[in-house]
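The values are calculated or read from the model by the stated rules, or taken from the named source; none is laboratory data. Computed from a prediction, not measured in an experiment: that's the story for all the values here. Glycine also receives a Cβ, built like all others from the backbone with ideal geometry; neighbour counts cover every protein chain displayed. When the accessible area is computed, the model is the full protein with side chains, heavy atoms only, and any ligands, DNA or RNA have been set aside. Shrake-Rupley method; radii C 1.70, N 1.55, O 1.52, S 1.80 Å.
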Amino acid sequence: MDAESLLLSLELASGSGQGLSPDRRASLLTSLMLVKRDYRYDRVLFWGRILGLVADYYIAQGLSEDQLAPRKTLYSLNCMEWSLLPPATEEMVAQTSVVKGRFMGDPSHEYEHTELQKMSEGEKVFEEEVVVQIKEETRLVSVIDQIDKAVAVIPRGALFKTPFGPIHVNRTFEGLSLSEAKKLSSYFHFREPVELKNKTLLEKADLDPSLDFMDPLEHDIPKGSWSIQMERGNALVVLRSLLWPGLTFFHAPRTKNCGYIYVGTGEKNIDLPFML
């Protein structure tokens, strides 16, 4: 959700029970404006909160003029002091995939994981148990990246692609109609397209290249991993991810108000295919 309309966005997303105390809201409003100024971002999004056992991580993201360019991620424990996180790598994701359970809430906390590594002495090859230390900050980077790639959502038309390539916020976007807002095909993944590149020219024939340049949610696997509901007498549409419980997207049809927030433990629901 955009930091500039934070209070309204938190109000619209509150149907899922995801709120912030008045002092946290006030702190975020002030500190996110300072983050935008100091880091010279085009837009700042309040991404959400990852719940820890000792403390919670508040996450924000900075966007450049090109909306699909790699985002800079920051975290805070008190909503006032923000620290920049390093970009996620495939090595980080692979390394932290072995860590299970809740976050502690301490970035310097180290998880211990025992793995078997092949060692060789001369011609002898044997396996030895090695204890690997994994920092919680690395796990935090990895989980945020996975959630962004899997369930970050934006409505069709909110962004547009220029003929020269960069993707900008569509200033003329006035929201989806009520009938469109009820369809999963009206919502896209807020990231670089993956499936779109595999489509044939015939499948791309009906797409508008300036608007349909991202992957729609309707083809997500497993099918049924999104819950779509109308609230407040059809004045608000809410999408909830069943794959990453805690991710809520909201949009008020025929208005510009839309966004997503994640409030959860940072754990993926790996049992979902057996629950559908």
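Here are the numbers for the structure shown:
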{"read-out": "Cα gyration tensor shape for the stretch 1-113, rounded if a/c is under 1.5, else prolate or oblate", "value": "oblate"}
{"read-out": "Average silhouette area of the chain, convex hull of alpha-carbon atoms, in square nanometres", "value": "18.8"}
{"read-out": "Heavy atoms of residue 49 accessible to a 1.4 Å probe, total area in Å² rounded to 10", "value": "50"}
{"read-out": "Helix 22-39 axis, angle to the chain major axis (alpha carbon atoms, nearest 10°)", "value": "80"}
{"read-out": "Computed [θ] at 222 nm, deg cm²/dmol, the chain (DSSP H ≥ 4; -39,500 (n - 2.57); rounded to nearest 500)", "value": "-6000 deg cm²/dmol"}
{"read-out": "Those chymotrypsin sites (Phe, Trp or Tyr not before Pro) in the stretch 111-196 that DSSP places in a loop and that have at most 15 other beta carbons within 10 Å", "value": "164"}
{"read-out": "Prolate/oblate/rounded call for the stretch 59-115, Cα gyration tensor, a/c under 1.5 rounded", "value": "oblate"}
{"read-out": "Residue 207 paired with residue 118, simple spin-label distance in nm, labels 7 Å along Cα-to-beta-carbon", "value": "4.1"}
{"read-out": "Surface accessible to a 1.4 Å probe, per residue, for the residues of the stretch 1-160, Å²", "value": "52"}
{"read-out": "Reachable lysines, given that their alpha-carbon falls under 18 Å from the alpha-carbon of residue 223 and they are not under 8 places away in the same chain", "value": "149, 182, 183, 268"}
{"read-out": "Accessible-area value, residue 1, 1.4 Å probe, nucleic acids and ligands omitted, Å²", "value": "10"}
{"read-out": "Potential extension, residue 200-residue 104 segment - 0.36 nm per residue separation minus Cα distance", "value": "30.0 nm"}
{"read-out": "Degrees between helix 136-151 axis and first principal axis of the chain (Cα, 0 to 90, nearest 10)", "value": "40"}
{"read-out": "Unit charges on C-beta of K, R, D, E only; dipole of the chain, Debye", "value": "1180"}
{"read-out": "For the stretch 50-166: span of alpha carbons on each principal axis (Å, largest first)", "value": "61, 39, 21"}
{"read-out": "The stretch 163-271 shape via C-alpha gyration tensor axes, a/c threshold 1.5", "value": "oblate"}
{"read-out": "Of the GluC sites (Glu not before Pro) in the stretch 1-107, those whose Cβ has at most 14 other Cβ within 10 Å and which sit in DSSP loop", "value": "65, 81"}
{"read-out": "Dipole axis of the chain (+1 Lys, Arg; -1 Asp, Glu on Cβ), positive-most option in 58, 31, 207", "value": "207"}
{"read-out": "Partners for residue 118 among aspartates and glutamates (Cα-Cα distance below 12 Å; same-chain residues under 8 apart left out)", "value": "127, 128, 129"}
{"read-out": "Simple label model, 7 Å out from Cα along Cβ direction - residue 130 to residue 168, nm", "value": "5.1"}
{"read-out": "Heavy-atom SASA rank of 33, 92 (probe 1.4 Å, accessible area, largest first)", "value": "33, 92"}
{"read-out": "Surface accessible to a 1.4 Å probe, residue 265 within the full protein complex, Å²", "value": "40"}
